[in-house]
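All of the numbers you see were taken from the coordinates with simple rules; none came from a lab. Computed from a predicted structure; not experimentally measured. Here the Cβ is made from the backbone with ideal geometry for all residues, glycine too, and neighbour counts use every protein chain on show.
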Amino acid sequence: DAGITQSPRHKVTETGTPVTLRCHQTENHRYMYWYRQDPGHGLRLIHYSYGVKDTDKGEVSDGYSVSRSKTEDFLLTLESATSSQTSVYFCAIMSRGSTDTQYFGPGTRLTVL
Amino acid sequence: AQKVTQAQTEISVVEKEDVTLDCVYETRDTTYYLFWYKQPPSGELVFLIRRNSFDEQNEISGRYSWNFQKSTSSFNFTITASQVVDSAVYFCALSEAIGNAGGTSYGKLTFGQGTILTVHP
């Protein structure tokens, strides 16, 4: 258990509304990531963070923004949700040291109507 | 750019059969890591194994084994004597080592499309 929680776990929203997903970790990991999972695509990186206030874009960042004002929280915001953003969103942390392995949160299922 | 291909979209086997899940990758990095994750029907992603690009030794963990061959850029996963509990989606993934590309690499994962494994009783 890497001490990662995501909230909310499920959300249904309407097109055009803003949505913020939260990832919270308890083990002071420096690196955090947001991925989305869609059928036929596996998981794709949206944004990542390599420290407080240090973030960058991933492969599918259009329509998303992130913020990391403290080590334990990494927020993903959909400024104006679209139906194409209906997906399952996973947050991950990188456990450094000898393993350099990413561990994932439980996921958030987002439906945009 | 990195790429991971899992050519098998779905595999169906009967319990106790052996099954191999294929993974082929592309990267220009000399130092990288390969991973397998399992996603059971409950939806969470479970880490199974990590392999360093410099370590081509095969690994066995119980009924699971992994064959890493740099010559063919493959990292295949075999389940011996499959069980119903092995039914899941399995993902192969590739990451750069943190510190690659002049220190601008941040361990980002590139996933394959996933293989749905169904084990029938």
Between the modelled labels at A:LYS11 and B:SER74 (7 Å from Cα along Cα→Cβ) the distance in nm is 4.3
Of the range A:63-84, those with amide N under 13 Å from the point 7 Å along the Cα→Cβ vector of A:THR20 are A:65-70, A:73-79
Cα-Cα pairs in chain B separated by more than 22 Å, as a whole percent of all pairs, come to 33
Karplus ³J(HN,Hα) for the range B:65-73 (6.51 cos²θ - 1.76 cosθ + 1.60, θ = phi - 60°; Hz, whole; x = Gly/Pro) runs 9, 10, 10, 9, 10, 5, 4, 10, 6
Per residue of B:106-119, other chain Cβ atoms within 10 Å number on average 5
With DSSP loop assignment and no more than 13 other C-beta atoms within 10 Å, the chymotrypsin sites (Phe, Trp or Tyr not before Pro) in the range B:30-74 are B:PHE54
With a 23 Å threshold on alpha-carbon distance, the violating pairs from B:LYS3/B:LYS70; A:LYS53/B:LYS3; A:LYS11/B:LYS3; A:LYS70/B:LYS38; B:LYS70/B:LYS108 are A:LYS53/B:LYS3; A:LYS11/B:LYS3; A:LYS70/B:LYS38
Rounded to a whole number, the mean other protein chain Cβ count within 10 angstrom for residues of B:39-48 is 4
Working note, the protein assembly as shown: Cα radius of gyration (Å, one decimal) and Dmax (Å, whole number) are 17.7, 51
In deg cm²/dmol, rounded to the nearest 500, the helical mean residue ellipticity at 222 nm of the protein assembly as shown, built from -39500 (n - 2.57) for every DSSP H run of length 4 or more, is 0 deg cm²/dmol
Quick note on A:LEU21, B:LEU45, ordering by fewest other C-beta atoms within 10 Å, gives A:LEU21, B:LEU45
proj_area_mean for chain A (convex hull on C-alpha atoms), units nm², value 6.7
